[in-house]
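Below you'll find the structure, written out as structure tokens, and then a few comments.
All of the numbers you see were taken from the coordinates with simple rules; none came from a lab. Computed from a predicted structure; not experimentally measured. Methodologically, a virtual Cβ is constructed for each residue, glycine included, from the backbone with ideal geometry; neighbour enumeration extends over all protein chains shown.
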Amino acid sequence: MSTEQLSAAIESAYRRRTPRSEALYRRALQSLPGGDSRTSVFYQPYPAFMSRGQGCRLEDIDGNTYIDFLGNYTSLVHGHAHPGILAAIQTQAALGTAHGAPVELQVLLAEALTKRVKSLAQVRFANSGTEAVLNAIRAARAFTGRPRILKMEGGYHGTYDAAEVSVDPGADPPAFPLGRPEGPGLSPGLTGEVLITPFNDLDRARDVVRRHRAELAAVIVEPMLGAAGMIPAEPEFLGGLREITRECGVLLICDEVLTFRLAFGGAQELFGIEPDLTTLGKIIGGGLPVGAFGGRADIMACFDPRRSGFVGQAGTFNANALTLAAGLAALELLTHDAITRINRLGDTLRAGLQDTLSRLGIPGQVTGAGSLAHVHFCEGPVRDYRSAAAGQRTVWRWLHLVLLHRGIFVAPRGSFVVSTPMAEPEIRAAIAQFGDALAEVQPLAVAPALTALA
Ligand SMILES: Cc1ncc(COP(=O)(O)O)c(C=O)c1O
């Protein structure tokens, strides 16, 4: 079978399994552009529409069931409809969801976070990781009086304009420290505002920070590049960034929206660093929309509404009672033991996926840490955006559909996320199905011309 025939066969099998999703997608095309309202959940030929989530299981509107290794892009650390979180939501919903006034829960969740994360003296809440990042950057600019930020190539920090530079710049990006805005419609002048440096390249980062210290408000970094494929920072990289930013009086913003789940005090605890500001989101909302940002009290003081010239951070649903209640319940459930358990399952998963690649003789690297994993189809080690982007990325388009067929729901870009309702059987199932799916798409996985199918 040619690669074209194989990909066509995969797509028709998907269509046969999901006729209701196809019909609903066609209807969605009338009222939603491209039938879509969230870029990251769209995939070709159309996404399966879900009807139900329970624990680590999902069911689509055609009745197909899946083990959920996406967890709403890592945010559902306790799976769907966890009884404890559900009870907290139900109790709070009956008391009101958003009161247009502060509630005690905001103090409780702020205390829970500041107790867990050493560098967080104070926090504020928002409705998404995007807003957390926006406000952290704003705080850094307000505090330092400087305009520019430095971010990593391949770093994803949500959809605030200043974060939308060189997330996935593709082949032939401009020379560092210039970046490439992600698409049309972004604020003009972004290239001057946002400087770019490669992840895990400390020498280059040091050089850019030193050269631009007079205009640089902050360096923003994820402890693990998430969207670029779960690529962990090398300890000396994060440690070195901490040193150079401190030396130059530039703030360090650690974006833990995705990595907070890796340890009780977030990934920064694992790396032993104390950033000036931290952004949070995803799991701290117990499955509801959330963001938070915080750090040094002297920096966060710029939001103090009693001060003249304070930085405003309004938001109709900031710190709404429902999210706070769900988030508090989720954090209470995310004990040291729970984190250790999912991290171990993640270790087993990564080892099993890597063994599968070796057994089939398919060049590939499984990256990640703790409960997070990503499969890259490439020969060499993956330590930054470019080494990941040099891999064979298109195979995931087909592998993803085959995995869906086999009841494994993963990120279409190739990430697997472990949640607390999972145990060994789910991990074994994912490894086994990955092996069978990979055997099925093997000609696509090893075909260098695959990009032609994109
Ligand atoms: C590291 C990181 N920062 C920020 C964001 C943006 O969060 P949100 O999607 O809640 O706006 C994400 C989302 O995936 C993320 O992974």
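Annotations
- Derived scalar couplings between HN and Hα for segment 291-296 equal x, 8, 8, x, x, 4 Hz in order, rounded to whole Hz, by the Karplus curve 6.51 cos²θ - 1.76 cosθ + 1.60 (θ = phi - 60°), x for Gly and Pro.
- For the chain, the longest principal axis of the alpha carbon atoms and the long axis of helix 202-212 meet at an angle near 40°.
- Proxy reagent accessibility, fewest Cβ within 10 Å first, across Lys282, Lys151: Lys282, Lys151
- In degrees, nearest ten, helix 336-360 long axis to first principal axis of the chain (Cα): 40
- Secondary structure note: in the chain, about 65% of the DSSP beta bridges are antiparallel.
- Over segment 83-333: Kirkwood hydrodynamic radius from C-alpha pairwise inverse distances, Å: 18.3
- Cα centroid separation - segment 66-91 against segment 199-243, whole Å: 32
- Expected 222 nm ellipticity per residue - DSSP helices of 4 or more, -39500 (n - 2.57), all of the chain, to 500: -13000 deg cm²/dmol
- Quarter the surface of the alpha carbon convex hull of the chain and you get the mean projected area, 21.4 square nanometres.
- Qualifying trypsin sites (Lys or Arg not before Pro) for segment 1-89 [loop in DSSP, other Cβ within 10 Å: at most 11]: Arg38
- The angle between the Cα long axis of helix 424-446 and the main principal axis of the chain comes to about 70°, on a 0 to 90 degree scale.
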